[in-house]
Amino acid sequence: MAFKRVFVAMSGGVDSTGAALLLLRQGYDVSGVTLRLRPDCPNGQGPETEIEAARTAAAALGISHTVLDLRELFQTAVMDRFVSEYAQGRTPNPCLDCNRAIKFGAMLDWALEQGADALATGHYANVSFDSASGRWRLLRGRDRRKDQSYFLYQLTQHQLAHLMLPVGQYEKPALRTLAAEAGLANAHRADSQDICFIPEGDYVAFLRHHGGAELVPGDFVDQTGRVLGRHKGLPCYTAGQRKGLGVSADAPLYVLRKDSAANTVTLGPDSALYTRELTADRPNWISIPALESPISVTAKTRHSQREAAAVAEPLPDGRIQVVFQEPQRAVTPGQAVVFYDGESVVGGGTIVK
């Protein structure tokens with residue numbers, strides 16, 4: 001598919017600015033678009049520093065720039081869901097929800113309505129068309145330390161067909177050098193590490209103030225059900241956590257699981273955090289149209305971990321059963337399991353148990 005007019009999602013960082021710069025040099029008709037997402041900032045303006053940084057970068061590149069207001073959708077599809085998932089004892093990944101509903105949902109639809117052929121982002125991943133299967137593929141980024149294919153596993157064939165990922169073939173230092181040589185002010189701007197709507201990282205305070213979540217104390221229990229102490233409320237804990245438990249024991253204790261019905265947090269040794277099996281729902285498939293029989297893959301249950309050999313098998317109810325060759329640590333309900341076949345993302349789903 002030959003693209004001509006491309007909207008670049010610009011956040012103010014070097015990744016998205018670098019994407020716009022690369023596309024300009026390749027001769028595309030490039031426009032910038034920045035999302036206004038935060039509904040709780042002063043005067044309802046959202047993170048104006050990021051918007052201004054993106055506007056400045058667009059001006060330096062000589063391209064038009066638009067601010068797209070998606071605050072209402074972001075609140076319902078991302079922030080409210082974040083609260084809801086924690087209330088049910090799960091640990092959600094809001095970046096996945098944002099990519100699905102906002103960036104590659106509403107923003108892509110808007111760009112196409114404006115006459116764009118494609119949307120481009122600064123994600124470190126790659127897209128290609130496989131003529132043998134007739135399907136678009138999502139591939140890892142060249143910079144394995146920055147690879148973001150894990151966060152994009154929910155992309156559909158329609159979205160992949162209208163997506164460009166220009167920085168996927170670059171390593172981050174090389175992209176910074178390219179931006180600096182072009183005289184871009186954000187060439188060495190630090191990367192953001194926090195959840196965008198929880199800039200200080202205090203998600204418990206966010207759950208209480210934004211979602212009205214009530215922290216209900218309950219029991220810490222061991223694997224036999226014996227009470228070990230009192231917890232401060234389920235949202236305060238996540239699988240694998242060791243610090244901040246306030247429970248004395250002869251050996252280190254870790255959070256193994258949370259039970260929202262009983263309002264208990266089960267603690268145990270690190271060895272009990274390992275499992276070879278998990279179940280996932282809400283599957284999305286990329287390199288294959290559907291999972292009809294067991295397949296051998298590599299898989300990972302967190303973005304930061306290395307994938308491990310596993311077999312993914314379809315269940316009668318549409319969910320996926322995953323069995324790893326080697327036990328995996330702290331598999332967490334609410335997070336994503338993503339499957340790979342070499343460089344290609346096969347698909348993935350949301351861990352339920």
- Message: Scan the range 266-283 and tell me whether some residue there is exposed (fewer than 15 other Cβ atoms within 10 Å of the Cβ), more than 26 Å from the chain's Cα centre (by Cα), assigned to a loop (DSSP other than H, G, I, E, B) and not hydroxyl-bearing (Ser, Thr, Tyr).
- Response: yes
- Which residue, of ALA336, ALA312, is open to solvent by less than 10 Å² (accessible area, probe 1.4 Å) and within 18 Å of PRO92 (Cα to Cα)? ALA336
- Note on the structure: If we keep only residues of the range 218-265 that are assigned to a strand (DSSP E or B), in contact with a Phe, Trp or Tyr (Cβ under 8 Å, 6 or more places away or on another chain) and not hydrophobic (A, V, I, L, M, F, W, C), then the residue least open to solvent (accessible area, probe 1.4 Å) is HIS231
- Message: For the structure I just gave you, tell me whether ALA125 is of a type in the set (A, V, I, L, M, F, W, C), open to solvent by less than 60 Å² (accessible area, probe 1.4 Å) and modelled with pLDDT under 95.
- Response: no
- Reported set for the range 130-154 where residues are assigned to a loop (DSSP other than H, G, I, E, B), buried (at least 21 other Cβ atoms within 10 Å of the Cβ) and touching a Lys or Arg at 6+ places or on another chain (Cβ under 6 Å) is GLN154
- Output for Cβ contacts, cut-off 7 Å, separation at least six or different chains, first residue under 23 Å from THR17 (Cβ atoms) in the range 124-139, second of a type in the set (Asp, Glu) and open to solvent by less than 40 Å² (accessible area, probe 1.4 Å), reads TYR124/ASP143; TYR124/ASP147; ALA125/ASP147
- Message: Here's a check for you: in the range 155-171, which residue that is of a type outside the set (S, T, N, Q) and in a helix (DSSP H, G or I) is surrounded by the most Cβ atoms within 10 Å (Cβ to Cβ)?
- Response: VAL167
- Task: Return the only residue of ALA111, ALA106, ALA174, ALA179 being under 20 Å from MET10 (Cβ atoms), in contact with a Gly (Cβ under 6 Å, 6 or more places away or on another chain) and among the hydrophobic types (A, V, I, L, M, F, W, C).
- Result: ALA179
- Is one or more of the residues making up the range 177-200 closer than 23 Å to PRO92 by Cα and open to solvent by less than 40 Å² (accessible area, probe 1.4 Å)? yes
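Results for (1) of a type in the set (Ser, Thr, Tyr); (2) under 21 Å from GLY334 (Cα atoms), shown as yes or no for each residue.
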residue: ALA180; (1), (2): no, no
residue: ALA185; (1), (2): no, no
residue: SER192; (1), (2): yes, no
residue: GLY201; (1), (2): no, yes
residue: ARG208; (1), (2): no, yes
residue: ALA213; (1), (2): no, yes
residue: VAL216; (1), (2): no, yes
residue: ARG230; (1), (2): no, no
residue: TYR237; (1), (2): yes, yes
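So that you can scan it fast, the table gives a plain yes or no per residue for (1) in a strand (DSSP E or B); (2) at pLDDT below 95:
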residue: ILE288; (1), (2): no, no
residue: SER296; (1), (2): yes, no
residue: ARG306; (1), (2): no, yes
residue: ALA310; (1), (2): yes, no
- Does the range 149-158 include one or more residues that are among the aliphatic types (A, V, I, L, M) and over 16 Å from the mean Cα position of the chain (by Cα)? no
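The values are calculated or read from the model by the stated rules, or taken from the named source; none is laboratory data. These figures come from a predicted structure and were not determined experimentally. All Cβ positions, glycine included, derive from the backbone under ideal geometry; neighbour counts span all protein chains shown. Note: areas computed on protein heavy atoms with side chains; ligands, DNA, RNA excluded. Shrake-Rupley method; radii C 1.70, N 1.55, O 1.52, S 1.80 Å.
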